[in-house]
Amino acid sequence: KDYNVEAEAILSIDHSGVNAVSYRVLEVIDDVIKKNIAIELKNDDLDPLSLFLALSNEIKNNPAKINFKFRVNDGKKIEWHHYQIMKSDDANTIKIIEKDKNIELHFSKNQNALFTYFRNSRLSLKLKSVIFEE
C-alpha cells in the first residue's frame, strides 16, 4: 500500500504556555483520501501535534508538577487527556503515561524536555538522533 500523511499545526508559545491556532491533517492510502481535517482551535484546546510540545513546555516550566490535563481537539472529537509522570529506570528520562488511552511518552531531562519516545497499543516511535544548530 502507498501511504502518505501530511500534518501541520500552527501555534505560539508564550508565558501562558502553548497556544494552538489551527490543525490540518491529510491521510491518503493508495491515492484515496482517508482523512482530511482542517480546524481552527478555540479556547485552550490543543491539537494532537501541539499536545507533545505543550507537555514538554509544562515539564520545563513546572518541574515539580506530576499531573497534566489538556483538552485535545483532533477534528472529530474534543476530549480531556490526563497525563502523569511515573518513575523511570533511566535517570535522564521523564516517563509520562496516559492510562485511559494506554499511552507512554518519554522526554529527555538533559535536552530541555525534548520528546523522545511514544508508544500506544498500535505503534511505538523513538527519536534516534537530533541535530541542534546555532
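Coordinate-derived values only; no laboratory data. No experiment lies behind these values; they were computed from the predicted model shown. All Cβ positions, even for glycine, are placed from backbone atoms using ideal geometry, and neighbour counts span all protein chains on display.
Please enumerate the residues belonging to the range 93-134 that are touching a Lys or Arg at 6+ places or on another chain (Cβ under 8 Å), within 21 Å of HIS81 (Cβ to Cβ) and polar (S, T, N, Q). Scanning the range 93-134 gives THR93, THR116, ASN120. Here the strands (runs of 3 or more DSSP E) wholly within the range 33-134 that include at least 1 residues being farther than 23 Å from ASP14 by Cα are 78-86, 93-98, 103-108, 114-119, 124-126. Here VAL18 clears all of (1) out of contact with any helix residue (DSSP H, G or I) (no Cβ under 8 Å at 6 or more places or on another chain); (2) part of a strand (DSSP E or B) except the condition numbered (1). Residue check: ASN102 meets all listed conditions (1) over 15 Å from the mean Cα position of the chain (by Cα); (2) at positive phi but one, namely (1).
In the range 36-87, the qualifying residues are those that are touching a Gly at 6+ places or on another chain (Cβ under 8 Å) and under 13 Å from PHE107 (Cα atoms), and the one that is surrounded by the fewest Cβ atoms within 10 Å (Cβ to Cβ) is ASN57.
For the range 4-15, the condition of being among the hydroxyl-bearing types (Ser, Thr, Tyr) and either under 22 Å from PHE118 (Cβ atoms) or more than 15 Å from the chain's Cα centre (by Cα) (or both) holds for none of the residues. When the test is whether a residue is in contact with a His (Cβ under 7 Å, 6 or more places away or on another chain) and among the aromatic types (Phe, Trp, Tyr), PHE70 passes it.
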